[in-house]
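Please treat every number below as a calculation from the coordinates, not as lab data. In this text the structure is predicted, and so the values were computed from the model without any measurement. Don't worry about glycine lacking a Cβ; one is built from the backbone with ideal geometry, like all the others, and counts go over all protein chains shown.
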Amino acid sequence: MNPYHMAYNGITSGLFLALFPPFWIYSRMSGRYRNGMSERFGHYPENLRRRGDSAPRIWIHAASVGEVSVAFSILNVLQDLVPGCRLILSTITEHGRRYAENRIVGTSLKARTTCVFAPIDLVLTTRRALATLQPDVLACVETELWPNWLMEAGRMGIKTALVNGRISIRSIDRYMKIRPLMQDLLARMDAFSMIRETDARRISLMGAPADRIEIHGNAKFDIPTESLDSEKDRMRTLYGISDKTPVFIAGSIRGEEDAMVLSAYARIVREVPKTVLILAPRHIERVRHIAQRVRAQGFSCQLRTELIGDGFPRRAQVVILDTIGELQSVYGIADVVFCGGSLVPTGGQNVLEAAVWGKPVLYGPSMEDFLDAKEILDQTGGGVQVKDIDELAGKALDLLKHPDQARVMGCLASQALALNRGAARRHADVIRNLLSKNGRKRRSGGVSPLAKG
């Protein structure tokens, strides 16, 4: 075993032994994190155990809600590319698990997909999980690189891949500090299907073999567009929104962005007084705090879960989204969208979920984790970067007062999205190729420039 891997195991095992007892007590007392505890230790239901099943089994790992959305784009393609395959989708967070289970309901994926919690990255837990589920391929989404899990999979003859891979400018420095460990890990993996050339170069710097790296674009562009009209009508009814009601949505807000958005909203309603504000916090546990802040600012406020159709119509100026996985649908009723995580230095959020609806999108200067999406919207004019509260308020107000301008900008956003579809199929192709006997052979025309010299 690589000495750096031994050090990693020593540190992680020590932290686990020190932190698990108080965590367990907190979990028992609060009721939080109790769901799926056995799965996190690699114990899965017996009916998931592979017993002579010859059907290809593919395990896709996605950390939370954002990665699950990408995973579904790839899973939808895989069920067509690999007929009869069995699919496992794992998450780390409870929100991600709940979102995944809700997304599967009523789809063709329901019969062949199982949602589980990912095992803790310890040797015994990952070994137990892999021995039970026995996937043919383990594919991790975006930045999910877990040393023990991936190394144990390789040791057991399971093909491993990173799909829709991205290495942000904020994370590369952290990875380079443990490069000897990462180099050993990446050398054992079979494929790296990256989003952009910069992601490919960064993972190469970390130690990934250049001949296994391919650049295939961002599967987040492959957001489903079916049933948009019916979903929009449902949201309009639920939120009590008419064609003449201006709606400003701030999605995935983080940190102090709720205060910033409320400050901008105070300016907006002075000139467009009927504007409804919908706030969607990135972390749902902040809902109560945000509601207090909204009321302290003098605005009436309701939670999304308090809206139950005709019996409980929206009556407040501000609605706070306190549900998981609904934000993308809510974007359909917006006139202007602000994507959060961008006025605070957290790397931004997915601007494409609003673009698919043909909505004008505003975002702050911190978009390091979504540069490809930002650049495409910048180039087409479908999105606008705002540097502070004043610019946010000014641009949002301008678009609300000039709906024709907003519609043109929204059309440019949806056109940009349509022109960049297809990445999910290319990432799925990498997984399919790993299932074949020639899985290590790269597809012609898809090899990164890094492999050419």
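Quick rundown of the values:
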| read-out | value |
| --- | --- |
| As computed over segment 135-186, the Cα convex hull volume per residue (Å³) | 65 |
| Quarter of Cα convex hull surface for segment 1-111, i.e. mean projection, nm² | 9.7 |
| Values of log10 I(q)/I(0), in the order q = 0.11, 0.17, 0.19 Å⁻¹, for segment 228-418 under a Debye, Cα-only, solvent-free model | -0.42, -1.08, -1.40 |
| In degrees, nearest ten, helix 3-30 long axis to first principal axis of the chain (Cα) | 50 |
| Förster-model FRET efficiency, 51 Å R0, LEU81 and ASP398, C-beta, rounded to 0.05 | 0.65 |
| Cross-link pairs LYS110/LYS244; LYS359/LYS387; LYS232/LYS387 - those with Cα-Cα distance over 28 Å | LYS110/LYS244; LYS232/LYS387 |
| D_trans [Stokes-Einstein, Kirkwood Rh over alpha-carbon pairs] for the chain, 10 °C, 1.306 mPa s, µm² s⁻¹ | 68 |
| Theoretical ellipticity at 222 nm over the chain - DSSP helices of four or more residues, -39500 (n - 2.57) apiece, nearest 500 | -14000 deg cm²/dmol |
| Sequence-separation-based contact order of the chain, relative, with Cα cut under 8 Å and 6+ spacing, percent | 15 |
| Cα-based Kirkwood hydrodynamic radius, segment 104-203, one decimal, Å | 14.7 |
| Spin-label model distance (nm) - ARG155 vs ARG188, 7 Å beyond Cα toward Cβ | 0.7 |
| Relative packing of 249-262, 77-90, which averages over residues the other C-beta atoms within 10 Å, highest first | 249-262, 77-90 |
| Rounded Å value of the spacing that divides the Cα centres of segment 331-380 and segment 219-295 | 14 |
| Whichever aspartates and glutamates have a C-alpha closer than 16 Å to that of LYS395, once near sequence neighbours (fewer than 8 apart) are set aside | GLU271, ASP335, ASP378, ASP404 |
| Fraction of the pair-distance distribution of segment 147-301 above 20 Å, Cα-Cα pairs, percent | 67 |
| Calculated from backbone phi, Karplus (6.51, -1.76, 1.60) coupling profile of segment 87-98 in Hz, x at Gly/Pro | 10, 10, 10, 10, 9, 9, 8, 5, 4, x, 4, 5 |
